[in-house]
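S.K.: My questions all concern the structure below.
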Amino acid sequence: MITRTSTDPTAAPPPRQSRARRALVLGMAGLLAAAGVTTLAGTAEAAGTLGAAAAEKGRYFGAAVAANHLGEAPYASTLNTEFNSATPENEMKWDAVESTRNSFTYGPADQIVNHAQSRGMKVRGHTLVWHSQLPGWVGGLGAADLRTAMNNHITQVMQHYKGKIHSWDVVNEAFQDGSSGARRSSPFQDKLGNGFIEEAFRTARAADPAAKLCYNDYNTDGVNAKSNAVYNLVRDFKARGVPIDCVGFQSHFNSASPVTGDYRANLQRFADLGVDVQITELDIEGSGTAQANSYTNVVNACLGVSRCTGITVWGVTDKYSWRASGTPLLFDNNYAKKPAYNAVLTALGGTGSGGGGGGAACTVSYSRTDDWSDRYNGKVTVTAGGSAISTWTVTVTVTSPQKVSTTWNGTPSWDAGGNVMTMKPNGNGTLAAGASTSFGFTVMKNGNSSAPSVGSCTAS
């Protein structure tokens, strides 16, 4: 996977439902279960998932998606169940679709778009004109040839996906970090001048008049020199009738660059210009309550701005995040929901309860308790939510050629391939509100020492 890197080491790192939707989620969960695929969410009750809860607020909740992970069952089922919008992480960038001039390759991006559309998800397009992840031939062009190539790239890619993309990041990261508010050096800026952004947006409008056209950037989350420069650009575009519909705020946060106190006010001032605002690449490094509180602040800011139309987190699981060591996402390496997930769902007005009439809920955590050269022991802890539960179910998926050789404190069943274990209580499964129990297992490595994927807990 291509990883985005910062051009400024002092900056916060850049990169990187409606009832019908709920019915679709339930239908997909049933199909996956019938096929022996691990499903990670519990019963999809009203506003019981991120996408469903966001939709009830008139917004989408999406994730950046990598095509090469869609074949991993826990990844796909988490995406399918929890999100109602998808953004190709790298598959629509210039080097991915036009590595050779006028030769377009859409396969991986098509895979994501088709996957999303088949499940009723929206798709964000990312990104058309950006200084990074450019094939070498672009930078070598003269000004006139570069203008032709830029407009052709925008037109070809947008027309290929015409009618399938709700919002496009037309131009990405065109301003410098720091206090200057100046444009970033790039082949487009250096050879075409300040007018390249306007030209890109006009070309994009002609290519797909129905798509929302966005400018996208990082370190613009609060009021500062960079966000002021973007604000002035948007204000000028709106005054002169240059087509722009939305501004994307990447929102990559960490301890050195926390959620700003004026985040909501900054979103609102852009919305007041007459454009939608979208949180496009959200991730927040950290863990536990502090991370959860930061996510809550971001969601509340979006909900507080009527023209904030949706939130996209930059990835599904921590293990594939471009900032994996900072554990910045809502699902951990084993696809278990983190406190930040619960905080986001709550902020959206949702509930993690499963079953009818506000039934029971539970969460899981995983740890490796022992490790030898040929095997390791894992422990899964099941914790009841705010009300008592009478039974629970958790899935554990190991990667072939691994095999589970022994289990304890639970009753397992297996899929046909012997890699997906469904664990239920060994006897009485009752847990009081907030109480915990655990089960364990031994995994024979057979040359593969990777951790299992532990699904979410289903309770009743």
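S.K.: Quickly run through the range 88-145 and pick out the residues that are acidic (Asp, Glu) and part of a helix (DSSP H, G or I). Working first, answer last.
M.R.: In the first step, residues of the range 88-145 are kept if they are acidic (Asp, Glu); the result is 89, 91, 95, 98, 110, 145.
Answer for the range 88-145, where residues must be acidic (Asp, Glu) and part of a helix (DSSP H, G or I): ASP95, ASP110, ASP145.
S.K.: Please verify whether THR399 is over 23 Å from TYR341 (Cβ atoms) and at pLDDT below 85, treating the condition exactly as stated.
M.R.: Numbers: over 23 Å from TYR341 (Cβ atoms): yes; at pLDDT below 85: yes.
Considered against the rule, which asks whether it is over 23 Å from TYR341 (Cβ atoms) and at pLDDT below 85, THR399 comes out as yes.
S.K.: Among the candidates VAL382, VAL344, single out the residue that is open to solvent by less than 50 Å² (accessible area, probe 1.4 Å) and either over 19 Å from ALA52 (Cα atoms) or of a type in the set (Gly, Ala, Ser) (or both).
M.R.: Values: VAL344 fails: either over 19 Å from ALA52 (Cα atoms) or of a type in the set (Gly, Ala, Ser) (or both).
Going through VAL382, VAL344 in turn, the sole match is VAL382.
S.K.: Here is a list of conditions, (1) hydroxyl-bearing (Ser, Thr, Tyr); (2) in a helix (DSSP H, G or I); (3) buried (at least 23 other Cβ atoms within 10 Å of the Cβ), and THR203 meets all of them except one; can you say which number that is?
M.R.: Among (1) hydroxyl-bearing (Ser, Thr, Tyr); (2) in a helix (DSSP H, G or I); (3) buried (at least 23 other Cβ atoms within 10 Å of the Cβ), the lone unmet condition for THR203 is (3).
S.K.: On the given criteria, is PHE201 modelled with pLDDT of 95 or more, of a type outside the set (S, T, N, Q) and within 21 Å of the chain's Cα centre (by Cα)? Steps first, answer last, please.
M.R.: Working: modelled with pLDDT of 95 or more: yes; of a type outside the set (S, T, N, Q): yes; within 21 Å of the chain's Cα centre (by Cα): no.
When the stated conditions are applied, PHE201 does not pass them.
S.K.: Shifting gears a bit: Does the range 291-321 hold any residues that are in a loop (DSSP other than H, G, I, E, B), open to solvent by 40 Å² or more (accessible area, probe 1.4 Å) and of a type outside the set (S, T, N, Q), and which are they?
M.R.: First, the residues of the range 291-321 that are in a loop (DSSP other than H, G, I, E, B): 304-307, 314-317, 321.
Keeping just the survivors that are open to solvent by 40 Å² or more (accessible area, probe 1.4 Å) gives 306-307.
Matches in the range 291-321: ARG307 only.
Yes or no, residue by residue, for (1) among the hydrophobic types (A, V, I, L, M, F, W, C); (2) farther than 11 Å from VAL123 by Cβ:
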position: GLU56; (1), (2): no, yes
position: TYR60; (1), (2): no, no
position: VAL65; (1), (2): yes, no
position: THR87; (1), (2): no, no
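S.K.: Mind checking whether some residue in the range 274-287 is over 22 Å from THR317 (Cβ atoms) and part of a helix (DSSP H, G or I)?
M.R.: no
S.K.: Could you list, in sequence order, the residues of the range 164-200 that are of a type outside the set (S, T, N, Q) and either assigned to a helix (DSSP H, G or I) or open to solvent by 70 Å² or more (accessible area, probe 1.4 Å) (or both)?
M.R.: First pass over the range 164-200, keeping only residues of a type outside the set (S, T, N, Q): 164-166, 168-171, 173-175, 177-178, 181-184, 187-188, 190-193, 195-200.
Scanning the range 164-200 gives LYS164, PRO187, PHE188, ASP190, LYS191, LEU192, PHE196, ILE197, GLU198, GLU199, ALA200.
S.K.: Answer with yes or no whether ILE279 is surrounded by 17 or more Cβ atoms within 10 Å (Cβ to Cβ) and touching a Leu at 6+ places or on another chain (Cβ under 7 Å).
M.R.: On the way: surrounded by 17 or more Cβ atoms within 10 Å (Cβ to Cβ): yes; touching a Leu at 6+ places or on another chain (Cβ under 7 Å): no.
No, not satisfied.
S.K.: Can you tell me which residues in the range 211-263 are assigned to a helix (DSSP H, G or I) and open to solvent by 10 Å² or more (accessible area, probe 1.4 Å)? Give the steps one after another, and end with the answer.
M.R.: So the first thing to find is which residues in the range 211-263 are assigned to a helix (DSSP H, G or I), and the list is 225-240, 263.
Within the range 211-263, ALA225, ASN228, ALA229, TYR231, ASN232, LEU233, ARG235, ASP236, LYS238, ALA239, ARG240 qualify.
S.K.: Taking SER99, is it open to solvent by 20 Å² or more (accessible area, probe 1.4 Å), touching a Ser or Thr at 6+ places or on another chain (Cβ under 8 Å) and farther than 26 Å from LEU233 by Cβ?
M.R.: Values: open to solvent by 20 Å² or more (accessible area, probe 1.4 Å): yes; touching a Ser or Thr at 6+ places or on another chain (Cβ under 8 Å): yes; farther than 26 Å from LEU233 by Cβ: yes.
Answer is yes for this residue.
The values are calculated or read from the model by the stated rules, or taken from the named source; none is laboratory data. Everything quoted here is computed from the prediction, not taken from an experiment. Ideal geometry is used to build each Cβ from the backbone, glycine not excepted, and the neighbour counts take in all protein chains shown. Ligands, DNA and RNA are stripped out before the accessible areas are found, and what is left, the full protein with its side chains, is counted by its heavy atoms. Shrake-Rupley method; radii C 1.70, N 1.55, O 1.52, S 1.80 Å.
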